[in-house]
1. Quick one: how many residues across the stretch B:9-28 are free of Cβ contacts under 8 Å to residues at least 12 places away in the same chain and in contact with a Pro (Cβ under 9 Å, 6 or more places away or on another chain)?
2. When the residues of the stretch A:295-333 are filtered to those that are open to solvent by less than 50 Å² (accessible area, probe 1.4 Å) and small (Gly, Ala, Ser), which remaining residue is nearest to A:LEU178 (Cα to Cα)?
3. Of all residues in the stretch B:98-151, which are farther than 23 Å from B:THR190 by Cα, at pLDDT 95 or above and basic (Lys, Arg)?
4. Please state which one of A:ARG50, A:ARG95, A:ARG82, A:ARG77 is basic (Lys, Arg), modelled with pLDDT of 95 or more and in contact with a strand residue (DSSP E or B) (Cβ under 7 Å, 6 or more places away or on another chain).
5. Taking the stretch A:1-21, which residues are at the interface with another protein chain (Cβ under 7 Å from one of its Cβ atoms) and in a helix (DSSP H, G or I)?
6. Kindly indicate whether A:ARG269 is within 14 Å of another protein chain (Cβ to nearest Cβ), open to solvent by 10 Å² or more (accessible area, probe 1.4 Å) and in a helix (DSSP H, G or I).
7. Exactly one of these conditions fails for B:ALA174: (1) closer than 25 Å to B:TYR132 by Cα; (2) more than 14 Å from chain A (Cβ to nearest Cβ); (3) touching a residue at least 12 places away in the same chain (Cβ under 8 Å); (4) of a type outside the set (Lys, Arg). Give me its number.
8. I need the full set of residues from the stretch B:41-58 which are charged (D, E, K, R) and out of contact with any helix residue (DSSP H, G or I) (no Cβ under 7 Å at 6 or more places or on another chain), in order please.
There are 2 protein chains.
Amino acid sequence: MIEIETLPFSRFFLPGPVGVRPEVLARMATPMIGHRVPEMVELMGYIQPRLRTIFGTTRPVYVSASSATGLMEGAVRNGARRHVLSLVNGAFSERFHRIALANGLKADALEVPWGQVHTPDVLDDALRRGIYDAVTVVHSETSTGALNPIRELAEVAHKNGDVAILVDSVSGLAGAPLRADEWSLDFVLTGSQKAFAVPPGLAFGVAQESVLERARSKTDRGTYFDFLEFEKNLEGNQTPNTPAVSLLFALAEQVEYIVREGIEARWARHAAMAERTYRWVDEMNARGVKLEILTPAGARSPTVTCIRVPTGWTGPKVVEETRRRGFAIATGYGKLKDVSFRIGHMGDHSVAGLEELLGVLTDVFR
Amino acid sequence: MIEIETLPFSRFFLPGPVGVRPEVLARMATPMIGHRVPEMVELMGYIQPRLRTIFGTTRPVYVSASSATGLMEGAVRNGARRHVLSLVNGAFSERFHRIALANGLKADALEVPWGQVHTPDVLDDALRRGIYDAVTVVHSETSTGALNPIRELAEVAHKNGDVAILVDSVSGLAGAPLRADEWSLDFVLTGSQKAFAVPPGLAFGVAQESVLERARSKTDRGTYFDFLEFEKNLEGNQTPNTPAVSLLFALAEQVEYIVREGIEARWARHAAMAERTYRWVDEMNARGVKLEILTPAGARSPTVTCIRVPTGWTGPKVVEETRRRGFAIATGYGKLKDVSFRIGHMGDHSVAGLEELLGVLTDVFR
């Protein structure tokens, strides 16, 4: 078989897929089990309460054998009636907008520049027109490191009547504060390969009754991401379709680990890693290396930071020089590829581990 | 972490997920790699030609992070224009029909009893009305062990003009003869967890230009299973969405193994396991144990056999007694659960390995 060059968990700082602890990877070697058997029900029964704790919900948490993009599609097919307002401030919120259009819905984009976030006031103005029944928004924009004020945006949505807020928290959940029920998020989804630090291939979502009611009225909501099917099957701790069994074994290992750390302690650790990254940028500037964080203070995600490169550098050059020193980070995303790089300080990394990476980056810019 | 009771590969005969060789499972412990990096391109570049050999195609093979149900949805969203004819002869072909309806298409079911197969003549009659633009059909019905004559059905579809045949070969491909290009299958899909003997969580599909042309004309074909996105990304050996990286490592190991065995040798091994199963049923009848294969000779899948139980038995009782002896098989599916059991003789099992299971089953019925 082909041998692919890889890096150990401790040196892998992409903003997704993130490094996965060897103990979690090892779980995937568990022999196969059926998917309509008591063993599977037992496994899902173990996973569910832990996932609910992480999401801050008493509702069932859907476990989809797909990437998060699949549940973004599910969000609009189940939760939007006719006309969607998409809050766009980066590549993934733009994708959410395109997904609405690609599923036959009307959708308008409300855009702010990449790196900026949306404000409740502007959303309020847009919704007051009364034409939108759903809002799509990205909590933590992996492409820019911006963190939208989801809780406040949800309040504004609900103040405007029967408007569902559909939240992509792909690089947010399990790293940045979020409480699905308390914040009244009509639907919130995430992927396994970001702050959860599980290999990619799973997506998780929680819908409130508001979205299920919409789903019931939509006869063309499809099958694979049909929320009513997820609900029905989870009553018996099952999944509508064949689950990715090996990934569920990894997930079971990891949700227990996360719950043992404590979700608030996990948020605090992510905040500390982010703060350390910001201080490092200051230190570099003090040395004359003109780095700049794309997103203004107060609007930053604790899980990923996008940093503009100084004159004479490109994103790919920073990544390549870092890789030559045995560490992985990412370039900027899309149109920011050449002018920036991104550090994923999320998942199971520690401030001490991050310190090693920052030492290497300091050397890169020396 | 929770400990789930499992059985080794050699004792695991479900008709999916099937037993996976330990070498394939072990590959999933490979550390993470990014999904827009040269390592991923290299990995997919290794997988693609081997997958194409297995499918009998020169076209790119989509690798979807989903179960096969996802690509069934993709099949109708991309490949059907308005009105679908669903050939139904079991639970999964019925599901294909429901998927067409759930995606806003018109769809009629042409049904034969569970365990029977469809004939070219009857399909020809149905298509001659000229109202259908697509046919959905299941190659190997995992719920019954019936094998539809896909090649002949495809000929009839094309004889009737611009009709696309959309084929679910979930428990067929890599176990039963199929050549995507030579048989002119407009779209054919399968899952990783059947005759491929890879853990569940991946689905594979091949579309001909006929289906891509349809996709181009459909603006509501969605995002996650958008065939044009798969095509575009595969030009650079990439995937539209984050792939299930760990499962791709397992897949790379297994496609090389399959190609080394040789696809025709693999088909022959499956046929030999099926024949051995039929002989065992005859032997049991000779001893007075009234077992009966659901599907008539000539219409049977080489990968799965559904067997009716004698008076005094139920499907669950056979499964339970087999399990007490350390082997896994399945009950009948859905409405056949109580009256039958199923043996999955597919993937990497051998006739010798199957012989052990049949010995145990003989003991069960003693």
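The values are calculated or read from the model by the stated rules, or taken from the named source; none is laboratory data. All values reported here derive from a predicted model rather than from experimental measurement. Because the Cβ atoms are built from the backbone with ideal geometry, glycine has one as well, and the counts that use them run over all protein chains shown. In case anyone asks, the SASA skips ligands and DNA or RNA and just uses the protein heavy atoms, side chains included. Shrake-Rupley method; radii C 1.70, N 1.55, O 1.52, S 1.80 Å.
1. So the answer is 0.
2. From the stretch A:295-333, those open to solvent by less than 50 Å² (accessible area, probe 1.4 Å) are A:295, A:299, A:301-307, A:309-310, A:315-316, A:318-319, A:321-322, A:326-332; that's our starting set.
Filter once more, keeping what is small (Gly, Ala, Ser): A:299, A:301, A:315, A:326, A:328, A:330, A:332.
Numbers: A:ALA299: 15, A:SER301: 12, A:GLY315: 31, A:GLY326: 34, A:ALA328: 28, A:ALA330: 25, A:GLY332: 26 Å.
So, considering only residues that are open to solvent by less than 50 Å² (accessible area, probe 1.4 Å) and small (Gly, Ala, Ser), the one nearest to A:LEU178 (Cα to Cα) is A:SER301.
3. B:LYS106, B:ARG128
4. Numbers: A:ARG50 fails: in contact with a strand residue (DSSP E or B) (Cβ under 7 Å, 6 or more places away or on another chain); A:ARG95 fails: in contact with a strand residue (DSSP E or B) (Cβ under 7 Å, 6 or more places away or on another chain); A:ARG77 fails: in contact with a strand residue (DSSP E or B) (Cβ under 7 Å, 6 or more places away or on another chain).
The unique qualifying residue is A:ARG82.
5. A:PHE9
6. Details: within 14 Å of another protein chain (Cβ to nearest Cβ): no; open to solvent by 10 Å² or more (accessible area, probe 1.4 Å): yes; in a helix (DSSP H, G or I): yes.
Spelling it out, it is not the case that A:ARG269 is within 14 Å of another protein chain (Cβ to nearest Cβ), open to solvent by 10 Å² or more (accessible area, probe 1.4 Å) and in a helix (DSSP H, G or I).
7. With (1) closer than 25 Å to B:TYR132 by Cα; (2) more than 14 Å from chain A (Cβ to nearest Cβ); (3) touching a residue at least 12 places away in the same chain (Cβ under 8 Å); (4) of a type outside the set (Lys, Arg) applied to B:ALA174, the lone miss is (1).
8. Here is the first cut: in the stretch B:41-58, the residues charged (D, E, K, R) are B:42, B:50, B:52.
Of everything in the stretch B:41-58, those that are charged (D, E, K, R) and out of contact with any helix residue (DSSP H, G or I) (no Cβ under 7 Å at 6 or more places or on another chain) turn out to be B:GLU42, B:ARG52.
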